Amino acid sequence: MDPNSQRESLRSQLRIEPGNMVSSLENFIRGYMEKLERDGVILGLSGGVDSAVVLALCKRAVGAQRVLALIMPEKESQVENRKDALNLAEYLGIKTRLIDITPYLRKFDAYRLFPIGKLPLPIKLKGAMIKKAYRSYARLTGESPFSAGIQGLKGKKFGPSLQKANAYYRIKHRLRMVLLYLWGEMENRLVVGGANKTEYMIGFFVKHGCDDAADVMPLLNLYKTQVLQLARYLKVPSSILNKPPSPDLVPGIIDEETIGIPYERLDMILLALERGWESPRIGQVLETGESEIEYVRDLVRRSEHMRVVYHPN
C-alpha cells in the first residue's frame with residue numbers, strides 16, 4: 001500500500017459515527033450512575049471543548065435536572081472561558097455553582113511559587129512573559145517544560161525553578177478535584193471526568209487532578225480529534241469549538257504550543273504507534289521527521305507512571 005493510501009487509512013480509523021458513539025456514552029454514564037447508586041452527576045466545566053462535550057452527554061444521559069456543573073476559575077483564568085462555561089450551562093438548562101478558587105490558592109501560598117505569578121500585571125502581559133520564558137527554557141535545555149516535568153527533575157538544569165512552577169499550576173486542578181468530590185459526596189453525585197485519550201497517553205494532564213481523578217471518564221477512549229467530531233455533532237457553540245485548546249492553568253499557554261505538535265498529526269502518530277508501526281514507516285506515511293515520532297513515543301513511555309499505581313507483586 002502506498003503512503004497516501006496508508007495515511008488515508010489512518011484518517012479513516014480516526015473517524016467515528018458520532019450518533020452511535022453518543023448513544024453508547026449516554027448509556028455508559030447513566031449505567032454507572034445507577035450501578036453506583038447515585039442521584040445525579042457532577043463535573044467541572046472549564047469552557048473548553050472536552051468538558052462541553054461531557055456536559056452535553058450528561059444532560060442527554062440523565063436529564064438536565066440531575067446534572068451539576070462546577071465552574072472553578074481563579075485570578076489567572078481566562079475570563080472568556082468562564083463566560084463560555086456559564087453561557088453553555090444556561091443554554092442547556094444545567095444548574096451551576098461558581099467557586100472562585102483564588103482564596104484557597106492563596107492559603108497555600110501557591111502564587112508565590114511562580115515568580116511571574118506574584119506580579120500584579122494584566123493577564124495578557126503575564127501570558128506573553130510566560131510564553132517567552134517557556135521558549136527560553138526549551139532553547140537552553142533542549143526540551144520543553146512540559147516534557148521535562150513528566151518525570152522527576154533530579155539533576156536537571158533549572159530543576160528547582162521548574163519544580164515550583166509545576167507545583168504552582170498542578171495544585172489548581174487538584175483543588176478542583178477536591179471540590180468536585182466534596183459536592184459530589186454531599187449531594188450523592190457521580191463525578192464525571194473529561195480527559196481524552198490523546199492527552200492521557202502523552203501525560204498532558206495533572207496526576208490526581210480533576211482531569212485524572214473521577215468516578216467515570218467517558219472520553220478516555222477517544223482521541224482529541226474524535227472528541228471534536230462529537231462536539232460538532234452535539235452542536236457545541238463555535239465560541240468553544242473554534243478557540244485554541246488550553247488547560248487554562250498558566251496564562252499564555254495553549255495545548256498545541258505546549259505539546260509542540262498539532263492534534264491532528266499527534267493523533268495519527270499515536271494511532272500508528274498503537275498499531276505497532278515502526279518510526280521509519282510512520283515518518284514516510286505522515287511526512288514527518290523521525291525525531292518527532294520518537295518524541296511522542298518517549299512522552300508515552302515516560303508518562304506511564306501517571307496512568308498506573310505501582311505496588312509490590
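Quick look at the values:
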| quantity | calculated |
| --- | --- |
| Any hit, region 271-292, residues being outside any helix (DSSP H, G or I), of a type in the set (S, T, Y) and touching a residue at least 60 places away in the same chain (Cβ under 8 Å) | no |
| Region 194-228, residues that are assigned to a loop (DSSP other than H, G, I, E, B) and of a type in the set (A, V, I, L, M, F, W, C) | A195, F204, F205, V206, C210, A213, A214, M217, L219, L220, L222 |
| M129 open to solvent by 10 Å² or more (accessible area, probe 1.4 Å), under 20 Å from the mean Cα position of the chain (by Cα) and touching a residue at least 40 places away in the same chain (Cβ under 8 Å) | no |
| Of all residues in region 148-164 being within 15 Å of D298 (Cα to Cα) and touching a residue at least 40 places away in the same chain (Cβ under 8 Å), the one that is least open to solvent (accessible area, probe 1.4 Å) | I150 |
| Selection within region 52-72 - open to solvent by 10 Å² or more (accessible area, probe 1.4 Å) and either within 21 Å of L175 (Cα to Cα) or not in a helix (DSSP H, G or I) (or both) | G63, M72 |
| Condition check for L88: of a type in the set (A, V, I, L, M, F, W, C), outside any helix (DSSP H, G or I) and crowded, with 19+ Cβ neighbours inside 10 Å | no |
| Any hit, region 202-213, residues being more than 12 Å from the chain's Cα centre (by Cα), at pLDDT 95 or above, closer than 18 Å to E26 by Cα and surrounded by fewer than 21 Cβ atoms within 10 Å (Cβ to Cβ) | no |
| Some residue of region 136-159 being over 29 Å from Y32 (Cα atoms), among the hydroxyl-bearing types (S, T, Y) and in contact with a Pro (Cβ under 6 Å, 6 or more places away or on another chain) | yes |
| Selection count, region 84-114, where residues are out of contact with any strand residue (DSSP E or B) (no Cβ under 8 Å at 6 or more places or on another chain) and under 21 Å from L175 (Cα atoms) | 15 |
| Enumeration of residues in region 92-126 that are open to solvent by 90 Å² or more (accessible area, probe 1.4 Å) and not in a helix (DSSP H, G or I) | K95, L98, F108, P120 |
| Count of region 1-34 residues which are assigned to a loop (DSSP other than H, G, I, E, B) and surrounded by 12 or more Cβ atoms within 10 Å (Cβ to Cβ) | 1 |
| Yes/no for I171 being assigned to a helix (DSSP H, G or I), among the aliphatic types (A, V, I, L, M) and either farther than 30 Å from V308 by Cβ or open to solvent by less than 70 Å² (accessible area, probe 1.4 Å) (or both) | yes |
| Output for region 238-257, where each listed residue is crowded, with 17+ Cβ neighbours inside 10 Å, under 12 Å from the mean Cα position of the chain (by Cα) and farther than 21 Å from A56 by Cβ | L249 |
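The values are calculated or read from the model by the stated rules, or taken from the named source; none is laboratory data. For clarity, every value in this text was computed on a predicted model and none was experimentally measured. For neighbour counting, all protein chains shown are included, and Cβ atoms are generated from backbone atoms with ideal geometry for every residue, glycine included. Side chains are part of the model used for accessible areas, which takes the heavy atoms of the whole protein and leaves out ligands, DNA and RNA. Shrake-Rupley method; radii C 1.70, N 1.55, O 1.52, S 1.80 Å.
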